Amino acid sequence: MLNTAVLVSGGGTNLQAILDAWTAGNLPGATIRAVISNKADAYALIRAKKADVEGIVLSPKEYPDKEMYGQSLIEILRERKIDLVVLAGFLVILPVCVIRAFPGQIMNIHPSLIPSFCGPGYYGLKVHEAALGRGVKVTGATVHLVDEEADHGPILLQKAVGVQRGDTPEILQRRVMEEAEWILLPEAIRRYAAGEFSWEIQRCRECLQGDPTF
Ligand code: GRF
């Protein structure tokens with residue numbers, strides 16, 4: 001069984017899509033072991049409770065530095081024997097020590113077709129504002145493995161979503177979630193558990209090991 005932890009910061013609609021797929025039996029080979037939030041009032045924690053999944057609050061504000069926050073996160077993940085960490089709207093930049101402790105074992109969802117509209121500063125509505133500002137006709141979502149650069153690791157899955165005349169960032173965000181994110185993330189976990197991403201995992205590990213500071 002692939003022991004999975006989901007890291008969240010807010011409403012947790014992506015988490016809900018994962019929990020729904022899991023409880024419906026559509027994630028054979030994976031179990032959702034814990035939900036970790038940096039915010040105590042994240043609605044995602046209520047979703048976890050309803051699904052009978054352990055919810056944990058771990059706020060960087062309670063630690064003197066990022067490194068110590070990261071060490072505490074690693075400890076929580078190791079205690080629960082977590083094999084896969086899913087970033088589902090987690091707004092904290094993951095400390096490098098965590099990325100290195102779980103090479104090729106962390107996936108993230110980003111609400112654009114990487115490499116467009118991604119990297120530092122592109123989060124939440126800003127991604128959709130930028131897509132509309134550039135006038136693209138197609139955007140979408142990407143699930144990728146996490147390396148040390150923001151929104152950069154090997155791509156696992158992508159799905160395109162059309163932009164429509166009159167879209168606001170809020171309308172586009174909603175459509176990208178409904179038509180892409182909520183489908184892609186459970187699918188990525190299912191396929192990861194089925195061993196379909198060994199090439200991408202290997203590439204991610206090589207990239208991390210190739211880093212001279214590793
Ligand atoms: C999603 O758009 C996700 O792509 C981004 O943050 C949002 C999270 O939404 N990283 P939710 O908390 O899953 O509802």
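From the C-alpha gyration tensor of segment 95-158, pull out the three semi-axes of the equivalent ellipsoid (sqrt of 5λ each), sorted largest to smallest, in whole Å.
24, 12, 7
Please state the charge dipole magnitude for the chain, taken about the Cα centre, from unit charges on C-beta atoms (+1 on K and R, -1 on D and E), reported in debye and rounded to the nearest 20.
360
Would you give the gap between the C-alpha center of segment 1-61 and the C-alpha center of segment 71-145, rounded to a whole Å?
With segment 1-61 and segment 71-145 each reduced to a Cα centre, they are spaced 15 Å.
Taking a threshold of 21 Å on the Cα-Cα distance, which of the pairs 50/159; 39/159; 137/159 fall above it?
Table pairs above 21 Å Cα-Cα are 50/159; 39/159.
Relative contact order, percent, of segment 137-179 when contacts are C-alpha pairs under 8 Å separated by at least 6 residues?
39 percent.
Ignoring any ligand, DNA or RNA, what whole percent of the accessible area of segment 1-134 comes from carbon and sulfur when the probe is 1.4 angstrom?
On segment 1-134, the fraction of accessible area on carbon and sulfur atoms equals 53 percent.
Rounded to whole Å and sorted largest first, list the principal axis extents of the Cα atoms in segment 1-44.
Between the extreme Cα coordinates on each principal axis of segment 1-44 lie 30, 17, 10 Å.
Which percent of the accessible area of segment 150-208 is formed by carbon and sulfur heavy atoms (probe 1.4 angstrom)?
47
For the chain, modelled as a GNM with alpha-carbon contacts under 10 angstrom, which of 68, 177, 107 fluctuates the most?
68
Averaged per residue, what accessible area in Å² does segment 123-184 show with a 1.4 Å probe, protein chains only?
Value returned for segment 123-184: 50 Å² of accessible area per residue.
Over the chain, what relative contact order in percent results from Cα pairs under 8 Å that are six or more residues apart?
With pairs under 8 Å counted, the relative contact order is 21 percent.
How large are Rg and Dmax for segment 127-214 when only the alpha carbon atoms are used, in Å?
Calculated on Cα positions, Rg and Dmax stand at 15.5, 47 Å.
Given Cα pairs under 8 Å that are at least 6 residues apart, what percent is the relative contact order of segment 1-53?
Worked out over segment 1-53, it gives 48 percent.
Search the structure for amide H atoms under 5 Å from the amide H of residue 140, placed 1.01 Å from N in the peptide plane, and list their residues when 5 or more places away or on another chain.
HN-HN under 5 Å from residue 140: 113, 161.
Of all the C-alpha pairs in the chain, what % are more than 26 Å from each other?
Here the long-distance tail beyond 26 Å is 32 percent of all Cα pairs in the chain.
When ligands, DNA and RNA are left out and all protein chains stay put, how many square angstrom of accessible area per residue does segment 1-119 have with a 1.4 Å probe?
Roughly 44 Å² per residue, with all protein chains present.
The values are calculated or read from the model by the stated rules, or taken from the named source; none is laboratory data. Note that this is a predicted model, so its numbers are computed, not measured. Here the Cβ is made from the backbone with ideal geometry for all residues, glycine too, and neighbour counts use every protein chain on show. These area figures cover heavy atoms from the full protein model, side chains too; ligands, DNA and RNA do not enter into them. Shrake-Rupley method; radii C 1.70, N 1.55, O 1.52, S 1.80 Å.
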